[in-house]
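In what follows, a single structure is set out as structure tokens and then discussed.
The values are calculated or read from the model by the stated rules, or taken from the named source; none is laboratory data. Since the structure is predicted, the reported quantities are computational estimates derived from the model, not experimental observations. Every residue, glycine among them, receives a Cβ derived from its backbone with ideal geometry; neighbour counts consider all protein chains shown.
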Amino acid sequence: MSEILRIENLHKSFGDLEVLKGIDLTVQSGETVVLLGSSGSGKSTMLRCLNFMETPTEGKIHLNGELIGTERGGRMRYREAELCALRARIGMVFQHFNLFPHMTVLENVMEGQVIVLGRAKPEAQDKAMAQLDRVGLAEKATEYPARLSGGQKQRVAIARALAMDPEVMLFDEVTSALDPELVGEVLKTIRQLAEDGMTMLCVTHELGFAYHVANRVLFLHEGTILEQGEPQSILKAPATDRMSEFLEGHSLFKLPD
Amino acid sequence: MAHNWDFATILQNWPVLWVGIKGTVFIFVITVVLGLGGGLIVGVARYSKSPFVSWPARAFVEVFRNTPVLVQIIWFYYAFPILTGIETDPFLAAVLGISLNTMAFSAEIYRAGIQSISRAQWEAGKAIGMSYNQTLRRIILPVAVKRVLPALTNRGIEVFKMSTLASVVGYVETLNQAKLISDLNFNPIESYTAVAVIFFVVLYPVVQGTYVLERMLRKGD
Amino acid sequence: MEWNFLAVLRDFDLLMLGLLNTLKVTGLALLFGVPLGLALALSRLSTFRILSGIAGFIVEFFRTTPPLVQLFWFFFALPILIDVRMTPLIAAVVTFSIQSSAFFAEIFRGGILSIDKGQWEGAKAIGMTYGQCQRRIILPQAIKRMIPAFMERSIELLKTTTLVSTVAYTDLMFQANELAQKTFRPLEVYTIVAAIYFVLIFLFSQFSIAVEHRLAKSGEGTVR
């Protein structure tokens, strides 16, 4: 295993509100890291800082050993072109799918490949079909997103991200907007990715998923990582009261004995 | 390129321009009251269940919305007297054209406002024994008019700008007087710039006001 | 009094020539006004303060001053200021292009702002630049929503072009004035001209209503 993502002293403030108060984290290639925490703990913000959907206020991010941005006058500076190139290397899947409604499923998955990576259309199409097949939706290629169920939309969104050949995948509460009966198909797809060796960071409330799929669980509270460890130990025997309370709040999930 | 801006001639001719400004304000007040007031009647008529009321209202709206207001003013100035034997001076022709045009546009605004009120409000009125007219007057219209206030204000702004068209048939208003000053002093740049600035200075705060109004109403709903 | 349309009908080709010129001015103003409106909208949405300030001022200025004043300014004042030969057609096209661009800018801006923030995020997350997002993802969706407002504004533009008759451009209104003087039949001339405008604009608006219904059926929201 090799280091793929390293975060040092990550801070993020919105105006006066400091959401992230110094996060340090190293992720190994092929790892699945699950971020837990109550709302307002900063877990989504942390994820969004990793591909610069939000610009960190302070701190350094390294992808595959290279530092993102340049340091000048004690502050990190980022060029927009550099960030675009970075985002193309990191896949992100959102709570509300964010598929492009004016494009077919296939066009959605081809768009980034053609426009951002500059791939030839036939190649992009082959790649798109392969990824759609991987998430089990090859037969929906010519449909528009409006005709799909929530679970199908989310799987298309995953295929869209995968088609860019990302080095890391970020999942931001991807099952929170789904009807309960559709959650399973999406989680199954993500689990398959984990087994294929994809490096992933997932913000989720699905403790069962965390328990079975994650290599490591982080518990965020008020902008810092309060606890982390292997799911089998940390979910069963949390060290802090905060995390115990959090787990009790999600009592729907019964841990296996 | 190097034009010597000289607004002194405008200031010297201020009394001439002032006559025009008074003319603008006068025709604006009359047309905006007639237009927005009459529009309410046409709008309610347009909503009526009786075809004998709603169809003439609809025809009126279509005719005056689908022809240019300048054509209407000129028609009232040159054609209307021949048809009816009623002499129209520039003022009357412009008032007729602008008011009727505004009535047609604002009628559609009122109608949309009335339609936006839920059926439940009508039923609530009925349930406490109110007649159709009572419900309309006491329950529906107060809410509807409040809701369309921004759209009505925008219409009012249009009416203010439209008043310049009265100059085409020779009514004495701001633009007409500016043309006079320009012809006498050979200073079209300063004259027309002055008119543009006058309109901008009056309307810009009003437009900003409508934004505030829209935000307030959205919050209140 | 008696209606007599014969005199008017004899010179009907004059009116048709005017109608053609009316459509020409409208078309040219749209041709320049729409792209200019898009540029103004994008500038106004820019995070670059000075640019958005200037664009905002242009939009508000041309929305709050009467089109007839603008036309007179471009026709009588501008040639002195920059020493160009101004024809009624050029003055009309310049005026109505800029004037309608101010209104189109607000339609564009409303359309762009109406698109869900998630669309920006989805596009950004696959590495698209601001320009690529705007061109490939946001504008195609926004423009579809803008169509009804866009058509309504085009109809307003068509009506406003009657003002060019005051600077002696031979549009339908101007031809009507000429014909009324020539035939001494203002009642018939102006009634017919009003009818021509009515038919033209009525057909346009019916068409625009039909399009709006189709868009509404296909589940697309619209902006005003």
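The residues on offer are C:ILE90, C:ILE54, C:ILE80, and the sole one that is among the aliphatic types (A, V, I, L, M), at pLDDT below 95 and more than 21 Å from the chain's Cα centre (by Cα) is C:ILE80. Every condition in (1) over 26 Å from C:TRP3 (Cα atoms); (2) within 12 Å of chain C (Cβ to nearest Cβ) holds for B:SER99 except the one numbered (2).
Among the residues of the range B:174-221, the ones that are more than 12 Å from chain C (Cβ to nearest Cβ), among the charged types (D, E, K, R) and touching a helix residue (DSSP H, G or I) at 6+ places or on another chain (Cβ under 8 Å) come to 1 in all. When restricted to residues that are crowded, with 24+ Cβ neighbours inside 10 Å, under 18 Å from A:VAL116 (Cβ atoms) and basic (Lys, Arg), the range A:127-169 contains 1.
Checked against (1) under 27 Å from A:ALA85 (Cα atoms); (2) part of a loop (DSSP other than H, G, I, E, B), A:CYS202 passes all but a single condition, namely (2).
For A:ALA124, are the conditions met, namely being over 24 Å from C:ARG135 (Cβ atoms) and among the small types (Gly, Ala, Ser)? No, not satisfied. For B:GLY125, the stated conditions do not hold, so it cannot be described as part of a helix (DSSP H, G or I) and closer than 30 Å to B:ILE21 by Cβ. For the residues C:MET146, C:MET173, the requirement of being surrounded by 20 or more Cβ atoms within 10 Å (Cβ to Cβ), touching a residue at least 40 places away in the same chain (Cβ under 8 Å), under 22 Å from B:THR67 (Cβ atoms) and not aromatic (Phe, Trp, Tyr) singles out C:MET173. Given the condition crowded, with 17+ Cβ neighbours inside 10 Å and either among the basic types (Lys, Arg) or in contact with a strand residue (DSSP E or B) (Cβ under 6 Å, 6 or more places away or on another chain) (or both), answer yes or no: does some residue in the range A:74-84 qualify? There is no residue in the range A:74-84 that is crowded, with 17+ Cβ neighbours inside 10 Å and either among the basic types (Lys, Arg) or in contact with a strand residue (DSSP E or B) (Cβ under 6 Å, 6 or more places away or on another chain) (or both). If you scan the range A:157-182, which residues turn out to be under 16 Å from A:GLU107 (Cβ atoms) and of a type in the set (D, E, K, R)? Selection gives A:ARG160 alone.
Considering only residues of the range C:118-173 that are hydroxyl-bearing (Ser, Thr, Tyr) and over 22 Å from the mean Cα position of the chain (by Cα), which is farthest from C:TYR190 (Cα to Cα)? Taking the candidates together, the pick is C:THR129.
Counting only helices (runs of 4 or more DSSP H) that sit wholly inside the range A:53-148, those with at least 2 residues that are of a type in the set (Asp, Glu) and either within 22 Å of A:ARG6 (Cα to Cα) or within 14 Å of another protein chain (Cβ to nearest Cβ) (or both) are A:80-89, A:105-115.
Quickly run through the range C:118-133 and pick out the residues that are closer than 30 Å to C:ALA29 by Cα and more than 7 Å from every other protein chain (Cβ to nearest Cβ). C:TYR130, C:GLY131, C:CYS133 - these are the residues of the range C:118-133 that are closer than 30 Å to C:ALA29 by Cα and more than 7 Å from every other protein chain (Cβ to nearest Cβ). The listed residues are B:PHE80, B:PHE91, B:PHE105, and the only one of them that is among the aromatic types (Phe, Trp, Tyr) and more than 25 Å from B:TRP55 (Cβ to Cβ) turns out to be B:PHE91.
Residue by residue, here is whether (1) modelled with pLDDT under 95; (2) under 21 Å from B:ALA151 (Cβ atoms); (3) among the hydrophobic types (A, V, I, L, M, F, W, C) holds:
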| residue | (1), (2), (3) |
| --- | --- |
| B:ASN4 | yes, no, no |
| B:ALA8 | yes, no, yes |
| B:GLN12 | yes, no, no |
| B:THR24 | no, no, no |
| B:THR31 | no, yes, no |
| B:LEU34 | no, yes, yes |
| B:VAL44 | yes, yes, yes |
| B:SER50 | yes, no, no |
| B:LEU83 | yes, no, yes |
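Comparison of C:LEU187, C:LEU158 shows that the only residue that is facing another protein chain (nearest Cβ under 9 Å), in contact (Cβ under 8 Å) with a residue 60 or more places away in the chain, of a type in the set (A, V, I, L, M, F, W, C) and under 25 Å from C:VAL94 (Cα atoms) is C:LEU158.
Of the residues making up the range C:142-180, those that are more than 23 Å from C:MET16 (Cα to Cα) and touching a Gly at 6+ places or on another chain (Cβ under 6 Å) are C:ALA142, C:ARG145, C:MET146. Whether any residue in the range C:47-58 is of a type outside the set (Asp, Glu), away from chain B (no Cβ under 14 Å) and buried (at least 21 other Cβ atoms within 10 Å of the Cβ) is what I want to check. For the range C:47-58, residues of a type outside the set (Asp, Glu), away from chain B (no Cβ under 14 Å) and buried (at least 21 other Cβ atoms within 10 Å of the Cβ): present. B:ALA127 satisfies every condition listed in (1) over 29 Å from B:TRP5 (Cα atoms); (2) in contact with a helix residue (DSSP H, G or I) (Cβ under 9 Å, 6 or more places away or on another chain); (3) more than 9 Å from chain C (Cβ to nearest Cβ) except (2). Look at C:ILE80 and say whether it is of a type in the set (A, V, I, L, M, F, W, C), farther than 27 Å from B:ILE157 by Cβ and buried (at least 23 other Cβ atoms within 10 Å of the Cβ). Judged against the criteria, C:ILE80 is not a match. Can you confirm whether the range B:61-78 contains a residue that is at the interface with chain C (Cβ under 10 Å from one of its Cβ atoms), of a type in the set (Phe, Trp, Tyr), closer than 30 Å to B:ASN185 by Cβ and surrounded by fewer than 21 Cβ atoms within 10 Å (Cβ to Cβ)? Checking the range B:61-78: not a single residue is at the interface with chain C (Cβ under 10 Å from one of its Cβ atoms), of a type in the set (Phe, Trp, Tyr), closer than 30 Å to B:ASN185 by Cβ and surrounded by fewer than 21 Cβ atoms within 10 Å (Cβ to Cβ).
Filter the range A:170-186 down to the residues that are buried (at least 22 other Cβ atoms within 10 Å of the Cβ) and of a type in the set (A, V, I, L, M) and list them by number. The answer is A:LEU170, A:VAL174, A:VAL186.
Under 6 Å between Cβ atoms, at least 6 apart or on separate chains: pull out the pairs that start in the range C:63-81 with a residue that is free of Cβ contacts under 8 Å to residues at least 12 places away in the same chain and within 7 Å of another protein chain (Cβ to nearest Cβ) and end on any residue that is buried (at least 24 other Cβ atoms within 10 Å of the Cβ) and outside any helix (DSSP H, G or I). Qualifying pairs under 6 Å: none.
Scoring C:ALA123 on the criteria (1) modelled with pLDDT of 95 or more; (2) within 28 Å of B:PHE64 (Cα to Cα); (3) not basic (Lys, Arg) leaves a single failure, condition (2). Per this entry, A:LEU187 is counted among residues that are assigned to a helix (DSSP H, G or I), without any contact (Cβ under 8 Å) to a residue 60 or more places away in the chain and more than 14 Å from chain C (Cβ to nearest Cβ). In summary, C:LEU157 fulfils each of the numbered conditions (1) modelled with pLDDT under 95; (2) within 21 Å of B:SER167 (Cα to Cα); (3) crowded, with 19+ Cβ neighbours inside 10 Å with the single exception of condition (1). Answer yes if at least one residue in the range C:103-117 is among the charged types (D, E, K, R) and within 14 Å of chain A (Cβ to nearest Cβ), and no otherwise. There is at least one residue in the range C:103-117 that is among the charged types (D, E, K, R) and within 14 Å of chain A (Cβ to nearest Cβ).
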